[in-house]
1. Using the Karplus curve 6.51 cos²θ - 1.76 cosθ + 1.60 with θ = phi - 60°, work out ³J(HN,Hα) for each residue of the range 534-543 in order, rounded to whole Hz, and write x for Gly and Pro.
2. Could you give the accessible area per residue of the range 62-118, probe 1.4 Å, as a whole number in Å²?
3. Keeping all protein chains in place and using 1.4 angstrom, which order do Phe558, Phe408 fall into by accessible surface area, from largest down?
4. What is the gain in length, in nm to one decimal, between Tyr1049 and Ala631 on full extension, counting 0.36 nm per residue of separation less the C-alpha to C-alpha distance?
5. Could you state the accessible area per residue of the range 942-986 in Å², with a 1.4 Å probe and every protein chain left in place?
6. Quick one: pull the percent of accessible area on the range 303-371 belonging to carbon and sulfur, 1.4 Å probe, ligands and nucleic acids left out.
7. Residues of the range 938-954 with the amide nitrogen closer than 20 Å to a label point 7 Å from the Cα of Glu1006, along Cα-to-Cβ, please.
8. What is the calculated FRET efficiency for Ser5 to Lys413, with r their C-beta to C-beta distance and R₀ = 25 Å, to the nearest 0.05?
Amino acid sequence: MGHTSLEKLIRLQKKTSNIRNICILAHVDHGKTTLADCLVASNGIISTRLAGKMRYLDSREDEQIRGITMKSSAISLHFTSGESEYLINLIDSPGHVDFSSEVSTAVRLCDGAIVVVDAVEGVCPQTQAVLRQAWLENIRPVLVINKIDRLIVELKLSPQEAYTHLQKILEQVNAVTGALFTSKVLEERAVKEAELEGAVPEGEVPELSGGEQVYDWSAGLEETDDSHLYFSPDQGNVVFASAFDSWGFRCAHCVIPLQTHNHTHTITHTHKISSKGKKPLFVQLVLDNIWSLYDAVVTRRDKEKVEKIVASLGLKVMARDLRHSDPKVLLSAICSQWLPLSQAVLSMVCERLPSPSEMSAERVEKLMSVGTRRFDSLPEKTQQLTQAFLDCVSEDSAPVIVFVSKMFAVDSKALPQNKQRYSTHQLPYTTRQDTQYHLHNTQIQFLIKWTMSRRTIQGFLIKWPVSRRTKKGQMLFIKGISFNILLCKCSDDTVPSVPHLACCTLEHLYMLMGRELEELEEVPAGNVLGIGGMEDFILKSATVSTSPACPPFTPLNFEATPIVRVAIEPKHPSEMPKLVHGMRLLNQADPCAEVLIQETGEHVLVTAGEVHLQRCLDDLRERFAKIEISASKPIIPFRETIIRPPKVDMVNEDLGRQQKVAVIHQAKEEQSKYPEGPQVDSGGLVNLTTPNKMATIGVRAVPLPEEATRLLEGSAELIRTMEQFSLFAREGKTLEISQKTLEQIQEFRTRLEGHLQGWKWRNAVERIWAFGPRRCGPNILLNGVEGYQRPSVWQCLEREKEKPEAATLRDFDNSIVSGFQLATLSGPMCEEPLMGVCFSVESWEMKLAPQFTQQDSVEEETASRQAAVSGESESGGSNEAEASSSSAGGQSRWRGDVTDCYGPFSGQLIAAMKEACRHAFQAKPQRLMAAMYTCEIMATAEVLGRVYGVLSKREGRVLNEEMKEGTDMFIIRAVLPVAESFGFADEMRKRTSGLASPQLVFSHWEVISSDPFWVPTTEEEYLHFGEKADSANQALKYMNAVRKRKGLYVEEKIVEHAEKQRTLGKNK
């Protein structure tokens, strides 16, 4: 096919039913970009000889050097099938786990996906991840089994063995899809069964567990039709291919004539021959012929047989290809004509994947239901937009809706209005040093056009049906992720003053053509495009619409968690403004990177992994800041926790009662030195008094069960919803929460009660005061104060109203919570956040000063007291509150906040609560928690020992090892501390000569078993660990490293051996 003109592509944009918005998803090195090259070559954009070698959509220099894709790239292609012409908006996405956020931005823009699987490696971790992402976004996938030539050339399998191997790969992929389908059906079945109960009044949450009824889950699975979900060659949604050799075919409608051994076969289907001893038809008529071709061309180089094959197929092969010394050139020349890969893949895409106008109503409602809001609770105008989505027509009366999926920077010289035209072979992929990157004129965004009935927006978009044409000069509302549609009450021609809402005019619209951009005047509904000039209004993603009633779409679902931090500074301090500007651009251009400014003033960059970090640093130096920068060593995150008292010491000797008593006596002796400080009893209860002696707090720290900690960590969004509901309730407002979210909160509560069992956790869930840090963390504050009642954190379930008579001590309730939040945000070991700790407030006594119990009037105070109290009342809020002389004692009038020589009383209470929590934490055995990666490594048996050596050197722990069936590859699954992961991949490749490459994904937090404060005391410990025992204490090493970085005190000797240096003369 020749080169397609821009005019034809623009014409094809107007026919929504013939548009296909697709992305290519796969594990790293499974052949996505090579496949994309073959599809691009079919449109004459690059030469077919360069397909697979040029990596056209990898336009960055570091992508070409590393050989991996680091960003998602879009291109529009033309395809003709019979009398129909199609526009294929193709997005190539990365496969490396560090760039999985780029996959999320691509999946949101698409209606379908091409999932590529390596025929040798099969289903890998990222294959499962991308299938899950496609499932969550409700897009339909098709399958390409790539690199089948490796079965012939590398594994040397016979056609029958290859047939069995391909069957197993299909089973593996379908098993992943089946697991996702089953989980969805069971979830829907549970909701239906709960509704059929009929005993749950409207507005209440059904009890999901605790009953004796058992549901027949299999009935739900049998009733639901799932045949269209699975991959099967007879359904036409599977292509067998070798992208590097430029061939591929489908079995549903393909016809493959090939003459071998004077017989001509025609393949029209793939039914298996059931006769005993017979080969399957797929082997006889397909695989045998392909194996014969490879045997003639690659293995034996039989010229006579090759000429017969070429003649029988009626192909025209150039003489230079027949004489070429590389047999792969001849093979590609034959296969690209006999079994053209682009024809097989694009015909499958057009037949099996939906157009933008076929979007399901379920997906539309899911996209518009942000957070915990129910779709039916949205305003009526908002719900009416659903029909505009489904219609997906370009009418002037319909609203424009566009989703900005991603921002990316473009050189100003590369814009169509500025750049010089190049021929294809002259297009540079490198970035010149003198290029200027200005976000004002070069920031381009990936947008998703959604089905609405009006013309489309002008700008850089990537996909999705918009129900109207977008044109230059249109006025649009830009809505951030946190925009609340309930606060927006305005007409179409007014711009209200609402947070996270802005208004702008479209300046430039572009068609994305890989390394090039083509300027457009308008874009019809259902297309992917780019919009320029929106960098001042959008940070990372947003929803853009002409209708104020359009809500922001649900946030993107990122698989990778940013975990690697470095502090950035310019080499020349005078260039700090350039660094700040460059980091702002980087924060916009990278969907996963985060830029923070710490309390110390450091500029911190947070990335998903080591490769992602290197790419961000290169972008800062060469594209955004364009200055020399210095990056610190990676800042490793840790967590602090406590554990139950150990029963054995470091040499596994039983800790006797006498030793435990000695530790308690030592703690009491330390307390006697500071009688004004906190008082700690033998049970770990800490009593602390405020500096003005008006309040005393008793706090005890208890370790949470591991299951409860994991549950709290995974339920942060639900806890945040509960906190938001409580905030609305205190302000007299009501927050609408969807029934599904209420059920999730009820299930969360039930599971938490199940994990907190035993006499010491009696009614603990009902007594939860707050979660922390940041009010949604994995730590709990319990209310153990006798007689003190306060609103429950479960108000959204109980729908209870705050009782005025239960307001004792309520004026300082927030002070206690604030102190708890500060204590959990930075622990005493190395100022890292706490995790898995429960603080129970067991006493809270208030002692009133005489000058405040007799009078309430400010006028009878002294002049200085008047100024202090009035100033505090203006900033602090209420002027009066109730207090008790003890936790359950009588009441008297108390001023809302009192300022004395020690400062505001509320501030004293916050500080006292924070210190009480820290001392209660220190009264228990303290431990560090390290961030852990899960590591999956594929390696051959020859290098297995070296893989284990690298893992053990870096404190890794192997979980399991299994051999991949049908190959000589082993899959090793291990966990590795993030602190030990830097340089791990490079060392692994060097030690194994490139035969093993790990994939690291953040998994969980794990307690480091060693005590960082332990020192040897017994004779056995001295013999085992030595006098210092610092070399074996990994926790102490980590803790001291963090304390040094933060400028905290570290107890270590600067001079190890105070001896004079020996001279050379004495040594002689």
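The values are calculated or read from the model by the stated rules, or taken from the named source; none is laboratory data. In this text the structure is predicted, and so the values were computed from the model without any measurement. Quick reminder, even Gly has a Cβ in these numbers, built from the backbone with ideal geometry, and neighbours come from all protein chains shown. These area figures cover heavy atoms from the full protein model, side chains too; ligands, DNA and RNA do not enter into them. Shrake-Rupley method; radii C 1.70, N 1.55, O 1.52, S 1.80 Å.
1. Per residue, the Karplus-derived 3J(HN,Hα) values read 10, 5, 7, 10, 10, 7, 10, 8, 6, 10 Hz.
2. 19 Å²
3. Per-residue accessible area, sorted high to low, gives Phe558, Phe408.
4. On the way: separation 418, 0.36 × 418 = 150.48 nm, distance 2.38 nm.
Length gained between Tyr1049 and Ala631: 148.1 nm.
5. For the range 942-986, the solvent-accessible area averages 47 Å² per residue.
6. It is 50 percent, rounded to a whole number.
7. Label zone hits: 938-939, 945-954.
8. 0.55
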